[in-house]
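A.B. asks: The structure that follows is given in the form of structure tokens.
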Amino acid sequence: MRAILHFDADAFFASVEQAADRSLRGRPIVVGGLHRGIVASASYEARRYGIYTPMPVTAARRLCPKLIVVPPRFELYEQFSAHIFGLAGEITPIVERQGVDEGYLDLTGTSRCLKRDPVEAAAKLQRDVKDWLKVTISQGVARTKLLCQIASKKFKPEGFTVIPPDPAEELGFLHPLPVKWLPGIGPAHERLLQSAGLTRIGQVARMPVEWLSELVGSSARGLRDFANNIDDRPVVTNTPEALSYGHQETFQEDTTDAAFVDATLRRLADEAFSRLRADGRQIRTVTVKIRYTDMDEHQGQMSLKEPTDVAADVYPLISKLLQRLWDRRVRIRMVQVRLSNVYTGFSQLDLFGVRQRRRDLAMVCDQIREKFGPRGVMRAHDWVLEGARDEGRGARDGAKPARSASEGSRGQRKAKEEYVFSRG
Ligand SMILES: [Mg+2]
């Protein structure tokens, strides 16, 4: 019988700040002040005043005049995250990271290998994290990923919920819950289901798939399976690749054209960010790798102050890294961009600002490209690449000659932030 644990840290950023600074413990604090001053994380003491995420810091201060506002320190959160996953790795080697502060552990084998009951193993992790890191996590243990994830999120803080592997117990837990607990149900689907009178998971479970697909389309079968706790998704140990978004390109001909290499890196970043946005995630770190003609490789990375899902935020980092890495007067054969330190739930923290408008623009471009192909909308650096492709210096899979790339690089500097809508 499978036993899966899901854990999720409670008020993670605020808790880490309290763990790192004794004087903050037991007091109402929020981590915030980023962008237009939105609360990114609120301690449970602050939540008692009705403070929540995302809320403007000014509104939070009105609710609690004694509120302590701490600027975010993502590097610190990433260190704590690494420690938590280190402790998780001592319980079982099968750990699947879901973000900085949550993940799944497969505890099925613990009783055989460690002579420890899965529930006992889970309790040990919760204890270890609290003792060593002074941060609390909530946990759910169940037979499926679906159930243990819901259980860990539903009962907080320091929740510890075990759902025995018995169909009556499992469905008894699942069926009375509101439909929004099902994976993939966003506010739009939730409203649709509710308008059809389906408010509880149990009602979805009894719906014929044909009826359900009238409402939610092709996701109907998966949704009804989840509603019946049919979920055989395994816990998969993340490879480093799974924890990042990487794209690379090998040039048709090895090159010394810096503008062309820079444009290629930006294009690769665009592609990676488009995948990132589709997954609803953000990143903080970008790594650039270059391979010379003689196969010698250099790589370097830089981090932003806070997570983002807009490629334009990392363009300056990419250019800086390229300049720093390319220190030999040798032609380049291959370049790679990798985005890492993945976060979820950050895009909602800038509901009104300029960044939100840039996100909206990026998402519209994603839609246009999905509909009309990669050339449906082009940024300045895409034109540099177009020029190079015309000259026959594109990627190994494309080709054809024409105009000078130095022209392209001047144009690129002028029109850096603008999108160009092509007729093609
Ligand atoms: Mg959390």
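A.B. asks: Would you confirm, using the coordinates I've provided, whether residue 199 is under 19 Å from residue 118 (Cβ atoms), free of Cβ contacts under 8 Å to residues at least 40 places away in the same chain and among the β-branched types (Val, Ile, Thr)? Walk me through how you get there before you give the answer.
C.D. replies: Working: under 19 Å from residue 118 (Cβ atoms): no; free of Cβ contacts under 8 Å to residues at least 40 places away in the same chain: yes; among the β-branched types (Val, Ile, Thr): yes.
It is false that residue 199 is under 19 Å from residue 118 (Cβ atoms), free of Cβ contacts under 8 Å to residues at least 40 places away in the same chain and among the β-branched types (Val, Ile, Thr).
A.B. asks: Name every residue in the range 172-189 that is touching a residue at least 12 places away in the same chain (Cβ under 8 Å) and under 28 Å from the mean Cα position of the chain (by Cα), in order of residue number.
C.D. replies: Start the filter on the range 172-189 by keeping residues that are touching a residue at least 12 places away in the same chain (Cβ under 8 Å), which leaves 173-179, 181-185, 189.
Within the range 172-189, 174, 177, 178, 179, 181, 182, 183, 184, 185, 189 qualify.
A.B. asks: Name every residue in the range 6-50 that is within 16 Å of the ligand (Cβ to nearest atom) and either free of Cβ contacts under 8 Å to residues at least 24 places away in the same chain or in contact with a Gly (Cβ under 7 Å, 6 or more places away or on another chain) (or both), in order of residue number.
C.D. replies: Of everything in the range 6-50, those that are within 16 Å of the ligand (Cβ to nearest atom) and either free of Cβ contacts under 8 Å to residues at least 24 places away in the same chain or in contact with a Gly (Cβ under 7 Å, 6 or more places away or on another chain) (or both) turn out to be 6, 7, 39, 40.
A.B. asks: Got at least one residue in the range 59-74 being assigned to a helix (DSSP H, G or I) and under 23 Å from residue 303 (Cα atoms)?
C.D. replies: Step one: filter the range 59-74 for residues assigned to a helix (DSSP H, G or I), giving 59-63, 74.
Now restrict to residues that are under 23 Å from residue 303 (Cα atoms): 74.
Within the range 59-74, one or more residues are assigned to a helix (DSSP H, G or I) and under 23 Å from residue 303 (Cα atoms).
Listed here are the residues, each with its yes/no results for (1) in contact (Cβ under 8 Å) with a residue 60 or more places away in the chain; (2) aromatic (Phe, Trp, Tyr); (3) under 17 Å from residue 32 (Cα atoms).
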position: 55; (1), (2), (3): no, no, yes
position: 104; (1), (2), (3): yes, yes, no
position: 108; (1), (2), (3): yes, no, no
position: 126; (1), (2), (3): yes, no, no
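A.B. asks: For residue 407, all conditions in the list (1) in contact with a helix residue (DSSP H, G or I) (Cβ under 6 Å, 6 or more places away or on another chain); (2) assigned to a helix (DSSP H, G or I); (3) at pLDDT below 80; (4) not hydrophobic (A, V, I, L, M, F, W, C) hold save one; what is the number of the exception?
C.D. replies: Every condition holds for residue 407 apart from (1).
A.B. asks: Among the residues of the range 300-322 satisfying the criterion of being within 21 Å of the chain's Cα centre (by Cα) and of a type in the set (S, T, N, Q), which is nearest to residue 274 (Cα to Cα)? Steps first, answer last, please.
C.D. replies: Of the residues in the range 300-322, the ones within 21 Å of the chain's Cα centre (by Cα) are 301-315, 317-318.
Imposing the further condition that a residue be of a type in the set (S, T, N, Q) reduces the set to 301, 303, 308.
Details: 301: 20, 303: 19, 308: 12 Å.
The qualifying residue nearest to residue 274 (Cα to Cα) is 308.
A.B. asks: A further question on this structure: Tell me which of these residue 212 doesn't satisfy, since it passes every other one: (1) buried (at least 20 other Cβ atoms within 10 Å of the Cβ); (2) modelled with pLDDT of 95 or more.
C.D. replies: (2)
A.B. asks: Report yes if some residue within the range 59-76 is at pLDDT below 95 and within 13 Å of the ligand (Cβ to nearest atom); otherwise report no.
C.D. replies: Checked the range 59-76: no residue is at pLDDT below 95 and within 13 Å of the ligand (Cβ to nearest atom).
A.B. asks: Where residues in the range 95-112 are assigned to a strand (DSSP E or B) and either more than 15 Å from the ligand (Cβ to nearest atom) or basic (Lys, Arg) (or both), which of them is nearest to residue 346 (Cα to Cα)?
C.D. replies: Step one: of the range 95-112, the residues assigned to a strand (DSSP E or B) are 95-97, 102-106.
Now drop any that are not either more than 15 Å from the ligand (Cβ to nearest atom) or basic (Lys, Arg) (or both), which leaves 95-97, 105-106.
Values: 95: 24, 96: 21, 97: 17, 105: 25, 106: 28 Å.
The residue in question is 97.
A.B. asks: Only one residue in 252, 203 is modelled with pLDDT of 95 or more and surrounded by 13 or more Cβ atoms within 10 Å (Cβ to Cβ). Which one?
C.D. replies: On the way: 252 fails: modelled with pLDDT of 95 or more.
Going through 252, 203 in turn, the sole match is 203.
A.B. asks: Quick one: which residue in 149, 194, 139, 126 is within 16 Å of the ligand (Cβ to nearest atom) and closer than 24 Å to residue 218 by Cβ? Before the answer, list the steps.
C.D. replies: Details: 194 fails: within 16 Å of the ligand (Cβ to nearest atom); 139 fails: closer than 24 Å to residue 218 by Cβ; 126 fails: closer than 24 Å to residue 218 by Cβ.
Testing whether each residue is within 16 Å of the ligand (Cβ to nearest atom) and closer than 24 Å to residue 218 by Cβ leaves just 149.
A.B. asks: Next up: Conditions first: (1) modelled with pLDDT under 90; (2) more than 21 Å from residue 148 (Cα to Cα). Residue 186 passes all but one, so which condition is the exception?
C.D. replies: Unmet for residue 186, out of (1) modelled with pLDDT under 90; (2) more than 21 Å from residue 148 (Cα to Cα): (2).
A.B. asks: I'd like to verify a number: residues in the range 82-94 that are crowded, with 16+ Cβ neighbours inside 10 Å and either modelled with pLDDT under 95 or assigned to a loop (DSSP other than H, G, I, E, B) (or both), how many?
C.D. replies: Residues in the range 82-94 being crowded, with 16+ Cβ neighbours inside 10 Å and either modelled with pLDDT under 95 or assigned to a loop (DSSP other than H, G, I, E, B) (or both): 3 in total.
The values are calculated or read from the model by the stated rules, or taken from the named source; none is laboratory data. The shown structure was predicted, so the numbers you read here are calculated from the model rather than taken from an experiment. Note: ideal-geometry Cβ built from the backbone for every residue, glycine included; neighbour counts use all protein chains shown.
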